[in-house]
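S.K.: Can you read through this structure? Questions will come right after.
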Amino acid sequence: MTIRQLAVATTALLLVHCTARPEANTDASGDGSARSDAGDSAGPDTAAGKDARADTGRASDGTAAFVARGSIGQVFVTHAAPQQALALRNADGAAVAQGAADKWGSLVFRKVVPGQGYRVHSVAPAPAAYSSRIDVIAAASSLPPPSFYADQKILSGTGYLKTRDGTTLAYFATLPGPADAGPYPTIVNYSGYDPARPGKALVSGDQASLCDVLPVLCNAPSDASAMVAAVAGYATVSVNIRGTGCSGGAYDYFEELQLLDGYDVIETVAAQPWVAHHKVGMTGLSYPGITQLFVARMRPPGLAAITPLSVIGNTATTLVPGGILNSGFALNWISHVFAKAAPYGQGWEQAQVDKGDVVCKENQLLHDQRVNNVEQAKNPAYYKADVIVPLNPSAWAGEIQVPVFLACAWQDEQTGPFFHTLLDQFKAAPNRRFIVYNGVHSDGFAPQVMAEWKAFLDLYVARKKPSFPAMMGVLIPNFTTQVFAASLALPPDRWTAAKSWEEAKAAWEKEPELQVIFENGALAPLGAPQGHFTLSFAGWPAPQVKAQRWYFGAEGALLPSAPTATAAASRFALDPKAGERGLGASNLWKANAQYDWKPPLVGHEAAFVTAPLEQDLVMLGTGSVDLYVRTTATDVTDADLEVNLSEVRPDGQERYVQSGWLRASYRKLTPASTELWPQPTLLGADAVPLPVGTWQLARVGLAGFAHPFRKGSRIRIAVDTPGDSRVDWRFDLLPFPHPVAYDIAHTAAYPSSVALPVLAGVEVPAGKPLPPCPSLRGQQCRPYVALDNVPAKF
């Protein structure tokens, strides 16, 4: 088999996870005692289950057949009778919590006050019985000694590592060679997908000798970033988070235990004798990218750097953009992960148990105690500061103290565009590199990003001059052919002239931290993830950005000066079905992506367009569409609003740029809001109805974008009902029993307007003409249709 043939085979495995798109959950009914459809044949009463039970550490002073174990703010019960009523009692014998075991005989008591001497008791009519005494500890006093990590051994293949509360997490590890031939630069991948799934061979038996050169070919990880890192010469350790796969415990979205586990994972891996510098990096796109942020906040000493790709900036801004539930991708993703966190929910666990893995079998017992984050997401009472701030990376990214490499797309159809709230928050990170571009979720794996990603890992994890193995150079074009329908090579190696790691690192650290790829998709082959041009800036927001404001005017004009009219407004009708519709698309990640961006309907949007621009305007940043909105129906006291920014080109095409959303009752802003970024608190307690019949200012934020509006083009702002703007997002709109319309004022007293982020003194580089429609990734085109706004009585 040639290297090229090996690359083709390797590509097949990479595609398994790079192209995965979560489906909606089919069993989202669970809570603390959630139901599961997994078969009872894998229950606790088999011999394997009983053998595993002997390792639970049960003391001898209890009388119960069930087992109770203390944790950090929680108590775990297993091996009880199904539906058995149980009570948690403190050292004084007082009952502090009560519940019933699930079908697996398990129960988790959560939010338990730290203390000693707790017991779990059976509750009548069951015979009186109680567990051994157990302790519940606080997170602040839970840190194990270094020997706890150093005494654990991680080997190639599948295995388990132990966390501070005794829970075992499943891992899958690959090494570039024998452990005693190291040390090797090492990365960790940590998520609730299936990173610990046993590896697959990419070569047949008669080609096994090739694995002497590249061992990963005979035992390849399931995560795409881990696979690329392994081909590039890194050791990889991929770990399933608590409550997923073959890992123990119960799943809860980024709960404290999950983060403490992340700390323990990093420290255990870093302590291995085969790990270079006893420091590891983290990799991953999407979910395993997001986990990096949470783990890095815990500051494990063994963490060298993180490389999050295609991530959120805040759980709330993706889940409830502008206060409107994202009932499409966000809710489906939560449902998907929740379903997969059930016992045997990922599909590969049963095969492990059938092979005699008694740890995996025992670990399934608590999985149905997963927390139903689906129901939490739907409940407005959930959106309280003490709940959502810990889930908001932008609120605490300043606590991260390791180098950060981040790459994201403005039009990401899954995680969304709000990662921009992170970009100015990594203040304690000693080294930062942000690569941003128009595009879609998968574009973090484009060669223009991967080359910089690999260089960053080499500089800050391997501590060597960046280099690109021949196998990686051959793999990437095959990989991009499958993912993007275009064969793309890695960019030229820009580190060949560096004489040492120190010289390369010094040069890298002199470069601006923000790299903006404009018009991604404009080069041949059109639509492939290659930028038309790249501009670099000192940081976010770029120092050159100046707010430039245009005002809504009569007859749909977007004007450079404020209106003088005393009575002028436009009306648009609510489209109650819009929230259920996404932007139609096919081959979304490929160079030949096709969109079905339908023309606007008369009366269903209010749109405003500038005159043709007299010069190029290059924009980078966020925007604010400041609307004076009114509702006139007595039973309509709220409004779901969407704003869309587009470019009307001289050739008669309209190109999409960016959107923003707001439920008007959530119009209260945080103190961090600026002229260019109105940031709603998104707290349920701050929601205020719209007074009927009066003009109210509602500032709708345009999420981050980078786009050159060329001379002769026109800027268009449209206000309508949320929907039809994102491929995978849907919006749970407010229901009304009758048709509803909203008025937008444009008068001297109520001057609705838009502020946009213009780069002062920055021009489109010479020789970069207007790209054809279609071509740009994530930025669909349609023939421009000019519609007259419907006037409203003032």
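The values are calculated or read from the model by the stated rules, or taken from the named source; none is laboratory data. Every value quoted in this text rests on a predicted model; they were computed, and no experiment measured them. We place every Cβ from the backbone using ideal geometry, glycine too, and count neighbours over all the protein chains shown. Keep in mind that these areas ignore ligands, DNA and RNA; they rest on the heavy atoms of the full protein, side chains included. Shrake-Rupley method; radii C 1.70, N 1.55, O 1.52, S 1.80 Å.
S.K.: Does Gly117 count as small (Gly, Ala, Ser), over 16 Å from Leu86 (Cβ atoms) and touching a strand residue (DSSP E or B) at 6+ places or on another chain (Cβ under 9 Å)?
M.R.: In short, yes.
S.K.: Now for a separate question. All but one of (1) closer than 30 Å to Ala140 by Cβ; (2) buried (at least 19 other Cβ atoms within 10 Å of the Cβ); (3) modelled with pLDDT under 90; (4) not polar (S, T, N, Q) hold for Ala42, so report the exception by its number.
M.R.: (1)
S.K.: OK, next. For segment 361-380, does any single residue satisfy the condition of being aliphatic (A, V, I, L, M) and modelled with pLDDT under 95?
M.R.: yes
S.K.: Which one of these does Glu267 not meet: (1) under 19 Å from the mean Cα position of the chain (by Cα); (2) open to solvent by 10 Å² or more (accessible area, probe 1.4 Å)?
M.R.: Exception for Glu267: condition (1).
S.K.: Out of all the residues in segment 457-474, which are open to solvent by less than 10 Å² (accessible area, probe 1.4 Å) and out of contact with any Lys or Arg (no Cβ under 6 Å at 6 or more places or on another chain)?
M.R.: Those that are open to solvent by less than 10 Å² (accessible area, probe 1.4 Å) and out of contact with any Lys or Arg (no Cβ under 6 Å at 6 or more places or on another chain): Leu457, Val461, Pro466, Met472.
S.K.: Return only the number of the condition from (1) in contact with a strand residue (DSSP E or B) (Cβ under 8 Å, 6 or more places away or on another chain); (2) at pLDDT 95 or above that Thr632 does not satisfy.
M.R.: The number of the failed condition is (2).
S.K.: Something else now. Being closer than 24 Å to Ala664 by Cβ and crowded, with 18+ Cβ neighbours inside 10 Å, is that true of even one residue in segment 585-600?
M.R.: Within segment 585-600, one or more residues are closer than 24 Å to Ala664 by Cβ and crowded, with 18+ Cβ neighbours inside 10 Å.
S.K.: State the number of residues belonging to segment 113-145 that are surrounded by fewer than 21 Cβ atoms within 10 Å (Cβ to Cβ), aliphatic (A, V, I, L, M) and closer than 30 Å to Pro301 by Cα.
M.R.: Summing the residues that are surrounded by fewer than 21 Cβ atoms within 10 Å (Cβ to Cβ), aliphatic (A, V, I, L, M) and closer than 30 Å to Pro301 by Cα in segment 113-145 gives 6.
S.K.: For Arg110, state whether it is in contact with a His (Cβ under 8 Å, 6 or more places away or on another chain), at pLDDT 95 or above and of a type in the set (D, E, K, R).
M.R.: no
S.K.: Then there's this: Within segment 377-406, work out how many residues are in contact with a Ser or Thr (Cβ under 7 Å, 6 or more places away or on another chain) and within 19 Å of Asn431 (Cβ to Cβ).
M.R.: 1
To keep it simple, each residue is scored yes or no on (1) outside any loop (DSSP other than H, G, I, E, B); (2) among the β-branched types (Val, Ile, Thr); (3) open to solvent by 50 Å² or more (accessible area, probe 1.4 Å); (4) on the phi > 0 side of the Ramachandran plot.
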| site | (1), (2), (3), (4) |
| --- | --- |
| Ala755 | yes, no, no, no |
| Glu763 | no, no, yes, no |
| Gly767 | no, no, yes, yes |
| Leu787 | no, no, yes, no |
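S.K.: Still on this structure, please answer the following. Considering only residues that are under 21 Å from Gln411 (Cβ atoms) and touching a strand residue (DSSP E or B) at 6+ places or on another chain (Cβ under 6 Å), which ones fall in segment 421-432?
M.R.: Leu423
S.K.: Next up: Here is a check on your reading of the model: is Ala745 at pLDDT 95 or above and either surrounded by fewer than 23 Cβ atoms within 10 Å (Cβ to Cβ) or of a type in the set (S, T, N, Q) (or both)?
M.R.: Spelling it out, it is not the case that Ala745 is at pLDDT 95 or above and either surrounded by fewer than 23 Cβ atoms within 10 Å (Cβ to Cβ) or of a type in the set (S, T, N, Q) (or both).
S.K.: Among the residues of segment 644-685, how many are under 23 Å from the mean Cα position of the chain (by Cα), of a type outside the set (A, V, I, L, M) and on the phi > 0 side of the Ramachandran plot?
M.R.: Residues that pass the stated criteria total 0.
S.K.: Do we have Leu143 as without any contact (Cβ under 8 Å) to a residue 40 or more places away in the chain and out of contact with any helix residue (DSSP H, G or I) (no Cβ under 8 Å at 6 or more places or on another chain) here?
M.R.: Taking the combined requirement at face value, the residue satisfies it.
S.K.: Any residue at all in segment 406-420 that's open to solvent by less than 40 Å² (accessible area, probe 1.4 Å), among the hydrophobic types (A, V, I, L, M, F, W, C) and at pLDDT below 95?
M.R.: no
S.K.: Next question, about the same structure. Among what's in segment 341-399 and is aromatic (Phe, Trp, Tyr) and within 18 Å of Thr318 (Cα to Cα), pick the residue that is nearest to the chain's Cα centre (by Cα).
M.R.: The selected residue is Trp396.
S.K.: Could you list, in sequence order, all residues of segment 637-676 that are free of Cβ contacts under 8 Å to residues at least 60 places away in the same chain and either assigned to a loop (DSSP other than H, G, I, E, B) or open to solvent by less than 30 Å² (accessible area, probe 1.4 Å) (or both)?
M.R.: Passing the criteria: Thr637, Ala664, Arg667, Lys668, Thr670, Pro671, Ala672, Ser673, Thr674.
S.K.: If you don't mind, there's one more thing I want to ask. Of all residues in segment 667-695, which are under 24 Å from His746 (Cα atoms) and either charged (D, E, K, R) or touching a helix residue (DSSP H, G or I) at 6+ places or on another chain (Cβ under 7 Å) (or both)?
M.R.: Of everything in segment 667-695, those that are under 24 Å from His746 (Cα atoms) and either charged (D, E, K, R) or touching a helix residue (DSSP H, G or I) at 6+ places or on another chain (Cβ under 7 Å) (or both) turn out to be Arg667, Lys668, Glu675, Pro680, Val688, Pro689, Leu690.
S.K.: Provide a single number: the residues in segment 421-440 that are basic (Lys, Arg) and crowded, with 22+ Cβ neighbours inside 10 Å.
M.R.: 1
S.K.: Could you go through segment 200-215 and let me know if any residue there is in a loop (DSSP other than H, G, I, E, B) and within 20 Å of Val461 (Cα to Cα).
M.R.: Within segment 200-215, not a single residue is in a loop (DSSP other than H, G, I, E, B) and within 20 Å of Val461 (Cα to Cα).
S.K.: Mind checking whether some residue in segment 555-574 is of a type in the set (D, E, K, R), buried (at least 16 other Cβ atoms within 10 Å of the Cβ) and either within 28 Å of Pro772 (Cα to Cα) or under 31 Å from the mean Cα position of the chain (by Cα) (or both)?
M.R.: no
S.K.: Filter segment 768-783 for residues that are within 29 Å of the chain's Cα centre (by Cα) and not basic (Lys, Arg) and give the result.
M.R.: Answer for segment 768-783, where residues must be within 29 Å of the chain's Cα centre (by Cα) and not basic (Lys, Arg): Pro774, Ser775, Leu776, Gly778, Gln779, Gln780, Cys781.
S.K.: Has segment 331-343 got at least one residue that is in contact with a Leu (Cβ under 7 Å, 6 or more places away or on another chain), open to solvent by 10 Å² or more (accessible area, probe 1.4 Å) and within 19 Å of Val389 (Cβ to Cβ)?
M.R.: So far as segment 331-343 goes, no, none of its residues is in contact with a Leu (Cβ under 7 Å, 6 or more places away or on another chain), open to solvent by 10 Å² or more (accessible area, probe 1.4 Å) and within 19 Å of Val389 (Cβ to Cβ).
S.K.: Okay, next question. Looking for something under 22 Å from Gln152 (Cα atoms), in contact (Cβ under 8 Å) with a residue 24 or more places away in the chain, open to solvent by less than 10 Å² (accessible area, probe 1.4 Å) and basic (Lys, Arg) - is there at least one such residue anywhere in segment 197-204?
M.R.: no
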